[in-house]
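Q: Just passing along the structure, written as structure tokens.
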């Protein structure tokens, strides 16, 4: 039953229930048995069926551990985690496992939030925005995607690839984890930045231009500092004196104070961040056409043959396996300035490479 101090000897005794049932022992321990039977055990009832989409009882242990360890009812996101499953839910788990340490390093989440399933829920919110191609009002759309949407493998693959692409872009914009000292470590600000970048990706903006990303990082760091300073000025029940520039930013600050996941507040932050990035003149859009027309290859070949009977491959990447001499059947058309970095799909930006060099350039 447990260890107790003997009132007479003041030494620890280990008592069993059968021993304590003895009147003599019970009296010696100041009627402990009666106290035991009068002890009220706290009970929390969980009325929902803790099964997943496939009818498996996957979360009973998690529910018990959470209630038993804290003595408090589960939060809504924890109940959602207990009840839901399926491909979209599992995609969130996969991305959480991949990026947990990164998000902790960026100070966007903590180990405690991971244990309370808050990071998983946040990642699902980001995935919801990717699937919708825009913001949603609170978690209404997330609930719908978990409960009603019939996911196709193609849809999940698109969401997963875009998520990875945007995280990689953020790492380029904020090298060396500098995001952790900015506003964008806050979930509301990070969510808005993430969705703004996703919409830029959907509109074919370049994500791999190092110079542009460096400038974008400076713009966002400056913007973050301005918002942080203004946030200190604007206090409840106060009317601070703000200059014209600060008045323009006031709306953004207020959108991060209350009901931050409301659609109206998210759209407010979107306007400011889109203006900072898109109108900052440094981001380029990719050409809507990625592939050259076949006739461009023939025109380039004709031009090369007019200058030399054995045209050489320019080998721009110093490829060791370069075939050196170009042949018509092997020559492949290539963007001089890469399409992924904003290079135009025009003959002025085209060249012919041997197949080995073209593959080598594409990989790099």
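Where a number appears in this text, it was derived from the coordinates with a stated rule and is not lab data. All figures in this text were calculated on a predicted structure; none of them were measured in a lab. Backbone-built Cβ (ideal geometry, glycine too); neighbour counts: all protein chains shown.
Q: What FRET efficiency would be calculated for the residue pair residue 239, residue 218, taking the C-beta separation as r and a Förster radius of 30 Å, to the nearest 0.05?
A: 0.40
Q: Right, another one. What distance in nm lies between label points placed 7 Å from Cα along the C-beta direction at residue 251 and residue 153?
A: 4.6 nm
Q: Also, I was wondering about something else. Once the mean 1/r over all distinct Cα pairs of the range 294-363 is inverted, what Kirkwood radius in angstroms do you read off?
A: On the way: mean 1/r = 0.0815 Å⁻¹.
Across the range 294-363, the inverse of the average 1/r is 12.3 Å.
Q: Right, something else. May I have the extent of the alpha carbons of the range 116-209 along their three principal axes, as whole Å values ordered from largest to smallest?
A: Taking max minus min along each principal axis of the Cα atoms, the range 116-209 gives 40, 32, 20 Å.
Q: Past the 14 angstrom mark, what percentage of all C-alpha to C-alpha distances in the range 148-198 do you count? Before the final figure, lay out the partial values.
A: Values: 767 of 1275 pairs.
Roughly 60 percent, once rounded to a whole number.
Q: More than 26 Å apart: what percent of Cα pairs in the range 84-278 qualify?
A: Details: 6210 of 18915 pairs.
Of all Cα-Cα distances in the range 84-278, 33 percent exceed 26 Å.
Q: Over the range 93-209, what is the relative contact order in whole percent, taking alpha-carbon pairs under 8 Å and six or more residues apart?
A: On the way: 68 pairs, mean separation 38.5, N = 117.
Over the range 93-209, the number comes to 33 percent.
Q: Right, another one. From Cα coordinates alone, what are the radius of gyration and Dmax values for the range 175-215 in angstrom?
A: Taking only Cα atoms of the range 175-215, I get Rg and Dmax of 11.4, 29 Å.
Q: So for the range 217-349, what percent of the C-alpha to C-alpha distances run longer than 22 Å?
A: Working: 5318 of 8778 pairs.
Cα-Cα pairs of the range 217-349 separated by over 22 Å account for 61 percent.
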